[in-house]
Amino acid sequence: MTPKRTFLALVVMLCLALMGTSVVTPPAYAQEPKVGGTIIVGLQAEPVTLDAPQVTDYNTIRAAYNLYDGLLRFKDESTEVEPGLAESWEISEDGLEYTLHLRKGVKFHDGTEFNAEAVKFNIERQIDPNHPYHDTGDFVYAEFTWGAVKQVDVVDEYTVKITLEYVLAPFISHLAMHPAFMVSPEAIKKYGRDISINPVGTGPYRFVSWTPGAEIILERNPDYWGKPAYVDRLIFRPIIEDQARLTELLAGGINFMVNIPPDDLERLRNDPNFKVVEQTGMHTWWVYFNTLKKPFDDVRVRRALNYAVNKQAIVDNILKGTGVLAINPLPPVVWSYTDEVERYDYNPEKAKQLLAEAGYPNGFSCEFWTPESGSGMQQPVLMSTAIQADLKAVGVDCQIKTFEWGSFLEQGIVPPEKNPGWDLMALSWIGDNGDPDNHLYILLSGDQWPPNGFNCGYYKNEKVDELLRLGRTTLDRAKRVEIYQQAQKLIVADAPWIWIDHETQIVAMDKRIQNFKLHPTGPFRFADVWIEQ
């Protein structure tokens, strides 16, 4: 998941166990769970909200995740759904009605009851502009997650029925995504927009404090409806510089870190004091073209810049094996992926030829925006600088402008009428549910220009749009595969991005931290984790 501060799988989901298995240094301690201790996580950037429906990046969801429960839940290390706050559900034969049977006896952290009215409130708060509390947040995921919803009905205190306007193949997985995490209605009424900094969920951890720029503290919820967590406290510290974060890990200032500098990864793998956990991810890192601007409305220019960038060199020399070369916006681990697409191998002469054909034999100037850090952004400044040098070699002079993560999202991802100052913009995405719809539709459909979604380069192809709409409303898996493979070929031929790589999820931690498992969608699940004392 990536992008903006202000701003699902089939009726039976494919279990993505094939997505990769966690690789963990063998634990040095017995596997008997212990209660107590603190995990201090070094994040790449300051989270932007703790109100789950407003989350748009997985740096933020990592801090917010353990505060909440969803209506459904993704199984560990998989995107197959299982019961969450809904114990069971039925789907009508026509695929338009979802009846959810909710758990009884669940309370929000403020002591109020979770029930069907709370579900209705949470969904309608996001999608109904006339809802009295719609203005308490910016729900960038709402149209994608809930856009097919016609109405939400309370059947009884613990039964809710969601009726769709049209069949939506991934909808069952939408119910496990973060917009379906339940927030206390009474807390929303109390705090208004400040719910972002006063989060109240039903999860295994509850909110303690947020000191901007310093830390977010969560504590174990002793009254959790399920099995209580083991670790007493979770602390999330934003440490933007990778080397500073590593130094803190080595010194004990944190005991869990993300985004390990590639040069230091092997050292940590071999250090007996730490363990490294890795998993193939649903991630893509790319550079947007602003297709509303010249010359990026010309496919020849976009193809030229793809040929100009030595992507393999970035993967080899900057990322050093922590990612794999991308030839397609869709990650290879997501079903329907095809490599039978046009290839843009490094070819500066081909780039110059295409630029000349497009009327730019001497190149042109442009502005290239990139964040200093951010969730899923790997080594953004180094990667962008390498891209800048490759473009300069074919006559395209791009000036890099860097931003703090929150400011970058705020200024760079805007509706078309606020056409931003950037010509190129670096961004990344990690899938929310394992369905190709969650990559191709939300990022590349003409229906998903901001604020409706994250097609932030304003790319539009009527044939692609038709295929992506068809793919999400078709239940037959084989037909969906065919549809999405057609779409991938058209998208790659249009070259709306410069796609670079697919990152491997990697975290490092103190060896005493036990039973941590990465999840394909990116958040950190700490409820079943313990620390050997």
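Below is a table of values for the structure above.
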| read-out | value |
| --- | --- |
| Kirkwood Rh, Cα atoms: Rg over Rh of segment 283-504 | 0.94 |
| Cβ-based charge dipole, the chain, positive-most Cα from PRO47, VAL140, TRP89 | PRO47 |
| Kirkwood-based Rg to Rh ratio, segment 291-359, C-alpha trace | 1.03 |
| Cβ-based net charge around THR112, under 11 Å, with every Lys or Arg adding one and every Asp or Glu removing one | -1 |
| Relative contact order (percent, whole number), segment 283-504, Cα cutoff 8 Å, 6+ residue spacing | 36 |
| Neighbour-count order for SER88, SER407, SER373, fewest beta carbons within 10 angstrom listed first | SER88, SER407, SER373 |
| Options PRO33, ILE197, LEU250, ranked by Cα towards positive dipole end of the chain, top entry (Cβ charges) | LEU250 |
| Lys, Arg +1 and Asp, Glu -1 on Cβ, resulting dipole of the chain about Cα centre, debye, nearest 20 | 580 |
| Computed over segment 302-421: relative contact order in percent, which uses C-alpha pairs under 8 Å that are six or more apart | 27 |
| Spacing of the two label points (7 Å from each Cα toward its C-beta) at VAL35 and LYS190, in nm | 2.6 |
| Segment 254-323: Cα Rg divided by the 2.2 N^0.38 Å rule of thumb | 1.60 |
| Simple Cβ-charge dipole of segment 283-504, Lys/Arg +1 and Asp/Glu -1, about Cα centre, in debye nearest 20 | 280 |
| Percent antiparallel among DSSP beta bridges (both partners in the chain, rounded to 5) | 75 |
| Neighbourhood net charge (14 Å Cβ-Cβ; Lys/Arg +1, Asp/Glu -1) for PRO332 | -4 |
| Normalised convex hull volume, segment 440-533, alpha-carbon set, Å³ per residue | 159 |
| Residues ASP423, ASP528, ASP156, ASP69, sorted so that the one with the fewest Cβ neighbours within 10 Å comes first | ASP156, ASP528, ASP423, ASP69 |
| Across LYS120/LYS227; LYS107/LYS189; LYS460/LYS489; LYS320/LYS460, pairs whose alpha-carbon gap is larger than 23 Å | LYS120/LYS227; LYS320/LYS460 |
| Relative exposure of HIS283, HIS174, judged by other C-beta atoms within 10 Å (fewest first) | HIS283, HIS174 |
| Residue-averaged 222 nm ellipticity for the chain, from DSSP H runs of 4+ at -39500 (n - 2.57), nearest 500 | -7000 deg cm²/dmol |
| Over segment 229-378: Rg over Rh, Cα atoms, Kirkwood Rh | 1.06 |
| Charge dipole of segment 482-533 about the Cα centre (unit charges at C-beta), most positive-ward option of GLY522, GLN485, ALA508 | ALA508 |
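Throughout, read-outs are computed from the coordinates displayed, never taken from laboratory work. All values reported here derive from a predicted model rather than from experimental measurement. FYI the Cβ positions are ideal-geometry reconstructions off the backbone, even for glycines, and counts take in every protein chain you see.
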